Structure formats: structure tokens, C-alpha cells
1. Please name all residue pairs, on different chains or six or more residues apart, with Cβ atoms under 8 Å, provided the first residue is in segment 212-235 and is over 17 Å from I188 (Cα atoms) and in a loop (DSSP other than H, G, I, E, B) and the second residue is among the hydroxyl-bearing types (S, T, Y) and open to solvent by 10 Å² or more (accessible area, probe 1.4 Å).
2. Looking at T318, T365, which is the one that is hydroxyl-bearing (S, T, Y), surrounded by 16 or more Cβ atoms within 10 Å (Cβ to Cβ) and at pLDDT 90 or above?
3. Would you mention how many residues in segment 178-195 are under 18 Å from S58 (Cα atoms) and buried (at least 16 other Cβ atoms within 10 Å of the Cβ)?
4. How about segment 367-472: which strands (runs of 3 or more DSSP E) wholly inside it have at least 2 residues that are more than 14 Å from S305 (Cα to Cα)?
5. State all residues of segment 169-188 that are among the hydroxyl-bearing types (S, T, Y) and closer than 17 Å to E88 by Cα; if no residue qualifies, say none.
6. Looking at segment 80-87, is at least one residue surrounded by fewer than 15 Cβ atoms within 10 Å (Cβ to Cβ) and in a loop (DSSP other than H, G, I, E, B)?
7. Among the numbered criteria (1) buried (at least 24 other Cβ atoms within 10 Å of the Cβ); (2) modelled with pLDDT under 95; (3) aromatic (F, W, Y), which single criterion is violated by Y309?
8. Scan segment 375-385 and tell me whether some residue there is within 20 Å of H461 (Cβ to Cβ) and either surrounded by fewer than 20 Cβ atoms within 10 Å (Cβ to Cβ) or among the polar types (S, T, N, Q) (or both).
Amino acid sequence: MEAANETDVFLNGEQLNLGTDVKYKIFLHLTEFLFLKKTLLLSAMTQVVPPILSVTPSRALVDEKFKVLVENLPPGCPVTVRSLHHSEDKDDWEAYGHYVSDHSGVVSVSEDLSYGGTYTGKEPMGLLWSMRPVPGSRPGLRLRKMNVCTPMLVTISVHSGHEGFRDQPPLASVLTERWYMAPGIRRININEQGVQGTLFIPPGPGPFPGLLDMWGGGGGLLESRAALLASHGYVSLALDYLGFDQESENLEFKYFETAFNIIKDHPQVMPDRVGIFGLSLGSLVAVTLAAYSTIVKPCCIVCISCNHYYPARGSTVTSKFEGVTRQLSKARVNEDNQVIWKDVALEFITDPSNIAEVGRINCPTLLVNGCDDQNWPTVETAEDVARLMREAGKEHLLSRLAYPDTGHLIEPPFSPHFRATTFVMRSSKEKVILLWGGQTKPHSDAQEDSWRKILSFLQFHLYCGPNLKAKI
């Protein structure tokens, strides 16, 4: 039996009797097919498909969540997802998480675990709240948005691997916008009747509830929270008050009352639906106006990191604060050269003659404080306020929120946590590093939870009264 020729063709094991030319052509076609198949396979194996990065929504308010998705990665691929922001102070802030793509080559920051970085675990907004200055930055930085007419620009990028990502170009990147001021908000500079500040008015005819918004002892005009409150439907006045040295307590009190009435008398504001929102020293102004003023009657007050230290009747808030800071020169300094005010401040409020008569308050009051506040004894203050209001038969007006491992600077959600920052003493102009307290993850959780509950409190007391028909 003869061996089959290389060009013999078999079908179902039986040799076909084909001519040599036909057999040769079939052989050529088979060879070309196999070569083409091998070429396509090699091309597919060597072709690099860039990953696709999406952020939804890419333009949003600062208290809104986004979703970050990376697609077209190889399965089981280690990558780093990073956020980067260049601040108005010309400093760079970053956050990042280390991820591994799933079997489909996808990383979802909202659903997947970060195995390391500035945050770990499933943290949909970790790319914002865990932001910190990049290595080599100046010490004591604090991130603040001063120009609310422009967005906070954050670049989200994806990098190969978990090491050395800062030194390599990103595989993909997306520029996102985070806004304090929603579209249609009107921003109006206020310089009337001796009052200076900025008024934010929601879009639409209104009328709207109003809020007087005050920050703390750092001074200056901060507009970000007032702009965000206006984005939620409140005519909000960000008040500048520490830069004006009033001659007497009466004149200073009139300054705050005038500011309150500027909001109340605005044609787009419900005059009986105006509240006060204060942080730290601003909360002291809220408490004293609610307790002592015969001119203004706030519908409700929100006090973050509450302060009810009110000694030396007849002196101004500014002079009281400067007196406090002079005494705080004796404050403890930790091993990192960070100044801790809490211990000295606690001595101030143990004397009943040094505190405001909060039992005189007749409006709903919300206290928000962190249990790791190292700047002021806010836990003890909240307990004392509760006792005094209970003794006055007004405990029903008080609501309290207290958060473990949370510091003094409780800001809107997804804001970075600042455990210690540079502070300029008003009296001496000396720069110190103040310890505010808190741990990043629980502090950030507290900011998100408290903001949601603050908005609910304001909604209930300023919007949910009878015959309220605000139109936004």
C-alpha cells in the first residue's frame, strides 16, 4: 500500500481522487488561511486597547455624589485611581485608592474595594474626602474655596499599578467640576447700613426662607456654605463680622440685628422664616442673638461646634474672643508642636457667670459637635446647654448630634478633614498650628451624616410651616 501524498485530500477518512493541480490549489488556500488566522490572532494579542474612564456626573454640587468607572482593563489588573486639585492658594491636593479590575476588566469606585491609598474599603467618595496635600507641601494647610463663582476643579485619573503612579502619565483622565453655587443663584455684595457680607438668592420668584450664616474665629468673609445653602433653597447672607471693631456691645449687637433684618426684609424672603447658622464663634453669635435680642426672633438656629462662653457683659464678641486668645497662650502644645485650646477653654465655661443664658432661647436649636474636638470643649458645652434648657423647661426645643472621633471643623460633606492647620492669632498676629481633632474616616462620615440632618432640620422648621409656597 502506497503512503498518502502530502497533497492527498481526505474526507471522512477516505482519500479523494483529485488531480494534482486541484490538490495543490487547495493546499495553498489552506496555508493562506492558517497564516491569516495566525496573523489576526497575534494582532489581537498585541493590540493595546486604552482604558475608558468616566465620572458621572462630571459637574455637580459639592455635596452630591459621583460615580467613577474604569473599563477596558485586562482582568485582574492592578491600577491606582487618583484625584488631584490645584487650590486657589496654589497648593496641590490629592487622594488615591489602589484597585484590581474584575473578570470583565472593570473597576467601579462606588462598588469595589480599595486595597490601599488615602482610603481603604468601599468608599464611593473617598477620592474627595480623603484629599490631603501632596508630599512636600507646606505644613498646616487648609483647603478653602474663596471664589464660589468658579468650580472646584478636580482631575480624576487612572494609573497602571500600585506603586510610582505619580511618576507616570495616566492611562486616562477626566476633569470634574464641584460647585458650591448652583446655576441660577444670584450673588449680591452687601454693603449697607454698616453691614458687609454677601447675599445668595435661589433662582425663581420665591418667597424663600432665609439664613444668616457665620463662620468662626479665623475671620474673613467665607461664602462657600452660604452659596451651598442657597443651592438648597435658602436666601443666605454670609456675614463678615470679625473685621469690624465695634465700640460697644450695643453697637455690635445692632450690627448682627441689622444683618438679620436685611435678610428678613428682603422681598423674596418669608419674614417669619429666617434662621441663624453658625460654626464655633459664629455659633456664639447665634446663641446670644436668640437669647438676648429683643429685635430679631430667629425661627431656628444651627450651632456647629457650639460656643456659649459669654463673659464681661458690655464687651463685644471681638474683644471677648481676643481676650480668650490671649489667655490661650498658656494652652498645651503636643509633641508635634500643635496647640490644644480645649483644656484651657474648659476652665472658662465652668464659671456660670461666663456663659450665655441659653435658657432664654425660644426657638428650635440644633447642636452638632465632634467628640474628639481638641479646640473647644464642645461636648461639655452641649451638655451644659442641654442642662440649662432643661431647667428652663425648654428641652423640647433642643436637638443634639454628637459624633465619635470627629473634630472641630465640621464642614459640608466630602470636604477634606483638617486635623491641624495654621491659625493666625488676632491679637499678636502670631502663626500657630491649631489642633482641631478628629480622625479622617469617622470625621468624614460625620460631615456627610450631619449635613443631611441639618438640611432636614432646616426643611422642617423653615419650609414645613403652614401656607409655605416657595417656588424654585
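The values are calculated or read from the model by the stated rules, or taken from the named source; none is laboratory data. What you see is a predicted model; the values in this text were computed from it and never measured. Counting neighbours? That spans all protein chains shown, and the Cβs are built from the backbone with ideal geometry, glycine included. Accessible surface is based on the protein model in full, side chains and every heavy atom, while ligands, DNA and RNA are left aside. Shrake-Rupley method; radii C 1.70, N 1.55, O 1.52, S 1.80 Å.
1. Qualifying pairs under 8 Å: W215/S280; G216/S280; G217/S280.
2. Details: T318 fails: at pLDDT 90 or above.
After applying the criteria, what remains is T365.
3. Pass one, segment 178-195, residues under 18 Å from S58 (Cα atoms): 178-183.
Now drop any that are not buried (at least 16 other Cβ atoms within 10 Å of the Cβ), which leaves 178-182.
Of the residues in segment 178-195, 5 are under 18 Å from S58 (Cα atoms) and buried (at least 16 other Cβ atoms within 10 Å of the Cβ).
4. In segment 367-472, 420-424, 431-435 are the strands (runs of 3 or more DSSP E) which contain 2 or more residues that are more than 14 Å from S305 (Cα to Cα).
5. Listed by number, the residues that qualify are T176, Y180.
6. no
7. Y309 satisfies all of (1) buried (at least 24 other Cβ atoms within 10 Å of the Cβ); (2) modelled with pLDDT under 95; (3) aromatic (F, W, Y) except (1).
8. no
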